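Before any comments, here is the structure.
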Amino acid sequence: MINPFLDAQQALFEGSVTCRGLAEEHLARIASENPALNAFVHVDEAAVLQAADGVDARVDRGERPALAGLMLGVKDVICQKGQPVRCASKILADFTSLIDSTALASLIEEGAVVLGRTNCDEFAMGSSNENSVYGRAKNPADPLLVTGGSSGGSAAAVSAGLCHVALGSDTGGSIRQPASFCGVAGLKPTYGRVSRFGLVAYASSFDSIGPIARGLGDLAAVFQHLAGHDDRDNTSADVPVPDFATSADGSIAGLRVGLPEEYFDPGLDAATAQCVRDAVTRLEAAGATAIPVSLPHTRYGVAAYYILTTAEASSNLARYDGVRYGHRAADPTDLQDLYVRSRNEGFGDEVKRRIMLGTYVLSSGYYDAYYAKAQRVRRLIREDFEHAFAGVDIIATPATPGPAFPAGSHADDPLSMYLSDIYTVTANLAGIPGLVVPAGTNPDGLPIGIQLLGPAFSEAELLRAGSVCWPPIHASV
Ligand code: GLN
């Protein structure tokens, strides 16, 4: 496991590098490698260098900001003041943010330098980064394969060393699945742990912001400053924030690790199953006990997720009407024409599909059959986890049904793409945290991740166990 940010910070505080030097080095790497990867979609070099000089000035004054030296990528759905926020959509092509999201503001305050904005699926809707107005990001392991999505640019940028850490958002797996496909670590926090203020909403009762990093030391250092209560998000949790930096120490003696039988189903790719089993063996060797558990309502997870999130999206995306935000159709004949054409021209196919699905499941006559029923399934899934966590401390599962798939392979079949979210959507339905770390590689050398789930606010325990799951081959890189 490597922690490039923590290493860079040590060099910065020792005086052997400057923050400007780190920024220039990363900008040069972006200039040479990003054209092939398409991971960053906007880089404001002048702003980067100005921010880096500001950090150097603080360090010269004797300050030691906690994130000084951090070179950060930010998913295109997280607001940064004065920078474009396009959500990888044509509809926001000309939108510049007036605010910093709370999550980002906290990192900048501690000395983080934002290198630029990273690619994603339009409005974070997708599992492959193929639904992006910028075109898809490429997987650094093999450019013909998808990065995963929706935070595909963030995972690719971290994996290729274009930035130290990147922020993603996760509504149903968008941090964890691309982390798994790109061989890096990603944390979807407990719902409410990180403020959503300044995150463009997809499905508000599911969305969370979290970090993607190459090592758990880097990930914990950033998460320390993302977590915490914020008055500007009324679903923000007011609970104490532990010291995450000391969590990735691997002390897990006595930890009870649940293995849900429903997640190791026949559809699971054999190499993926083997990597997950190997990681569980490492946990056992470090003193954990593996215990079978059951999460019986898992098979309804994807259906409930795509009913509830599209319902919320249909409401959240109503604001893009050509009047206040975003693309406006030319020469409308009347108000209705303005709405219809602005939205029709501005949104991509997947976003339109979801708005229609969400509007349908909320419409009178169908509400009880779909939306209300999916809400009941959501409660059952939450209760499944509560029962399981009565007997185990964490749960270990595959992150995805298989490794990164070839671009275009699900293009004509949205349902097959949705079904690949089976292992990740349940954490968002239940509001619990999920950490994905590399577990190994398949015979073709493609990265495979393991997912660790825990009760609400157990991120420290997940980090501790995650450091043990990490395969030795990565440790020596
Ligand atoms: N792939 C899932 C979807 O398309 C998850 C997206 C996300 O977490 N933002 O909705």
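Within the span defined as segment 51-62, every residue fails to be part of a loop (DSSP other than H, G, I, E, B) and touching a Gly at 6+ places or on another chain (Cβ under 6 Å).
Condition check ((1) within 16 Å of the ligand (Cβ to nearest atom); (2) in contact (Cβ under 8 Å) with a residue 12 or more places away in the chain; (3) over 16 Å from residue 89 (Cβ atoms)) across all residues:
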residue: 295; (1), (2), (3): no, yes, yes
residue: 301; (1), (2), (3): yes, yes, yes
residue: 306; (1), (2), (3): yes, yes, yes
residue: 322; (1), (2), (3): no, yes, no
residue: 326; (1), (2), (3): no, yes, no
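Selection over segment 360-377 of residues that are touching a residue at least 40 places away in the same chain (Cβ under 8 Å) and either among the aromatic types (Phe, Trp, Tyr) or under 15 Å from residue 314 (Cα atoms) (or both) gives a count of 4. Listed by position, the strands (runs of 3 or more DSSP E) enclosed by segment 119-226 that each have at least 3 residues that are among the hydrophobic types (A, V, I, L, M, F, W, C) are 165-170, 208-213.
Contact annotation: residue pairs with Cβ atoms under 9 Å, 6 or more positions apart or on different chains, pairing a residue in segment 455-473 that is within 10 Å of residue 189 (Cα to Cα) with a partner that is among the basic types (Lys, Arg), are 456/193; 457/193; 459/193. Evaluate the following for residue 115: is it more than 23 Å from residue 314 (Cα to Cα), touching a Cys at 6+ places or on another chain (Cβ under 9 Å), away from the ligand (no atom under 14 Å from the Cβ) and among the aliphatic types (A, V, I, L, M)? So residue 115 passes the test. Being at negative phi, in contact with a Lys or Arg (Cβ under 8 Å, 6 or more places away or on another chain) and surrounded by 20 or more Cβ atoms within 10 Å (Cβ to Cβ) holds for only one residue in 23, 36, 68, and it is 68.
Which members of segment 222-235 meet the condition of being surrounded by fewer than 19 Cβ atoms within 10 Å (Cβ to Cβ) and in contact (Cβ under 8 Å) with a residue 40 or more places away in the chain? 228, 232, 235 - these are the residues of segment 222-235 that are surrounded by fewer than 19 Cβ atoms within 10 Å (Cβ to Cβ) and in contact (Cβ under 8 Å) with a residue 40 or more places away in the chain.
Scanning segment 103-112 for residues that are in a helix (DSSP H, G or I) and surrounded by 23 or more Cβ atoms within 10 Å (Cβ to Cβ), which turns out farthest from the ligand (Cβ to nearest atom)? In this case the residue turns out to be 107.
Going by the conditions given, is residue 435 surrounded by 24 or more Cβ atoms within 10 Å (Cβ to Cβ), among the hydrophobic types (A, V, I, L, M, F, W, C) and within 29 Å of residue 313 (Cβ to Cβ)? In short, yes. Once segment 166-208 is narrowed to residues that are more than 12 Å from the ligand (Cβ to nearest atom) and of a type in the set (Lys, Arg), the residue that is farthest from residue 87 (Cα to Cα) is 193. Looking across 325, 339, 360, 371, one residue alone is surrounded by 13 or more Cβ atoms within 10 Å (Cβ to Cβ) and in a loop (DSSP other than H, G, I, E, B). It is 325. Based on this model, can you work out whether residue 426 counts as over 16 Å from residue 180 (Cα atoms), within 20 Å of the chain's Cα centre (by Cα) and either away from the ligand (no atom under 15 Å from the Cβ) or not charged (D, E, K, R) (or both)? In short, yes.
Computed from the coordinates by the stated procedures, all read-outs in this text should not be read as laboratory data. Everything numeric here is computed off the predicted structure, so don't read it as measured data. A quick note on method: Cβ atoms are made from the backbone with ideal geometry, for glycine too, and the neighbour counts reach across all protein chains shown.
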